[in-house]
Amino acid sequence: MSTPVTQCTVRVVVRGGDPVSEAGVASQLRYHHDLEVLPSGAATAPDVVVLIADLVDEDTARSIRTISNEGSRVVLVATLVDGGAVLVAVEAGVAAIVRRSEATPDRLVTAIRAASTGDGHLPPDLLGRLLLQVGGTQTRPPAPQGLRFGGLTQRELTVLRLIAEGYSTREIARRLSYSERTIKNSIHDLVSRFQLRNRAHAVAFAVRQGLI
């Protein structure tokens, strides 16, 4: 008889927006037993911070960078998100984006779970806008220290292409006939080696370099 698979508890904090919005989102998340919703000022660092914002401006980008540098992954719930905003958020370190108008409990929880495992989450149309925005950028910022995409293995390039097409880690593993652990390790090594923030950031820079 097989042993049932248990999900690890994901510690979540909701920040930004007004107190009513924060309380509303937090109350929706508490119905999910694999999520532990912490108060904003909790001493324990959360695994994921749900950041509510109207616009992806410099203040929002600064908040994303600060949260990411503190070791938590960021799920951004934004009212207005265009191609430029997606690029700003990804390069600041966001792990997942959900439009506020589409932030149903199920979609939000899906984004939180994906962010907590390092998969990240972008709606397909936003991923397309990100790739168009990156590909059409004329002035390219300097790459992170040590970024040499010429040193990528063929497997890493293939994984990046599949991420760019919207495949999850499980789907990539199935397509390439590798274990999920192997794919996760490959992504982790890539992000760490080139000092990138997450897999979406890696895709953005690979597109900038013309590799995918």
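For the subset of the range 63-89 comprising residues that are among the small types (Gly, Ala, Ser) and without any contact (Cβ under 8 Å) to a residue 40 or more places away in the chain, which member is surrounded by the most Cβ atoms within 10 Å (Cβ to Cβ)?
The qualifying residue surrounded by the most Cβ atoms within 10 Å (Cβ to Cβ) is ALA89.
In this structure, does VAL109 turn out to be crowded, with 23+ Cβ neighbours inside 10 Å, in contact with a Leu (Cβ under 8 Å, 6 or more places away or on another chain) and not assigned by TED's automatic domain parsing to the domain that holds GLN195?
Judged against the criteria, VAL109 is not a match.
Just the residues that are free of Cβ contacts under 8 Å to residues at least 40 places away in the same chain and either hydroxyl-bearing (Ser, Thr, Tyr) or within 16 Å of GLY118 (Cβ to Cβ) (or both), please, taken from the range 154-173.
The answer is GLU156, THR158, VAL159, LEU162, TYR167, ARG170, GLU171, ILE172, ALA173.
Using the structure shown, decide if ALA164 is in contact with a Leu (Cβ under 7 Å, 6 or more places away or on another chain) and in the same structural domain as LEU152 (by TED's automatic domain parsing).
yes
What are the residues in the range 30-62 that are over 24 Å from ARG197 (Cβ atoms), of a type in the set (A, V, I, L, M) and surrounded by 16 or more Cβ atoms within 10 Å (Cβ to Cβ), if any?
VAL37
If you scan the range 57-80, which residues turn out to be touching a strand residue (DSSP E or B) at 6+ places or on another chain (Cβ under 6 Å) and within 19 Å of ARG107 (Cβ to Cβ)?
Answer for the range 57-80, where residues must be touching a strand residue (DSSP E or B) at 6+ places or on another chain (Cβ under 6 Å) and within 19 Å of ARG107 (Cβ to Cβ): ARG73, VAL74, VAL75, LEU76, VAL77, ALA78.
Starting from the range 12-38, keep only residues that are outside the structural domain of VAL49 (by TED's automatic domain parsing) and within 17 Å of THR104 (Cβ to Cβ), then list their pairs with residues that are part of a strand (DSSP E or B) and modelled with pLDDT under 85 whose Cβ atoms are within a distance under 6 Å, requiring at least 6 positions of separation or different chains.
From the range 12-38, no pairs qualify.
Could you list, in sequence order, the residues of the range 158-185 that are of a type in the set (Ser, Thr, Tyr) and buried (at least 21 other Cβ atoms within 10 Å of the Cβ)?
To start, the set of residues in the range 158-185 that are of a type in the set (Ser, Thr, Tyr) comprises 158, 167-169, 177-179, 182.
The answer is THR169, and nothing else.
Looking at (1) under 14 Å from LEU196 (Cα atoms); (2) buried (at least 24 other Cβ atoms within 10 Å of the Cβ), which one does ILE97 not meet, given that it meets all the others?
With respect to (1) under 14 Å from LEU196 (Cα atoms); (2) buried (at least 24 other Cβ atoms within 10 Å of the Cβ), ILE97 is out only on (1).
Considering only the range 160-212, give the helices (runs of 4 or more DSSP H) lying wholly within it that have at least 2 residues that are modelled with pLDDT under 75.
By residue number, 199-208.
The values are calculated or read from the model by the stated rules, or taken from the named source; none is laboratory data. Predicted model only: the values in this text are computed from it and were never measured. Don't worry about glycine lacking a Cβ; one is built from the backbone with ideal geometry, like all the others, and counts go over all protein chains shown.
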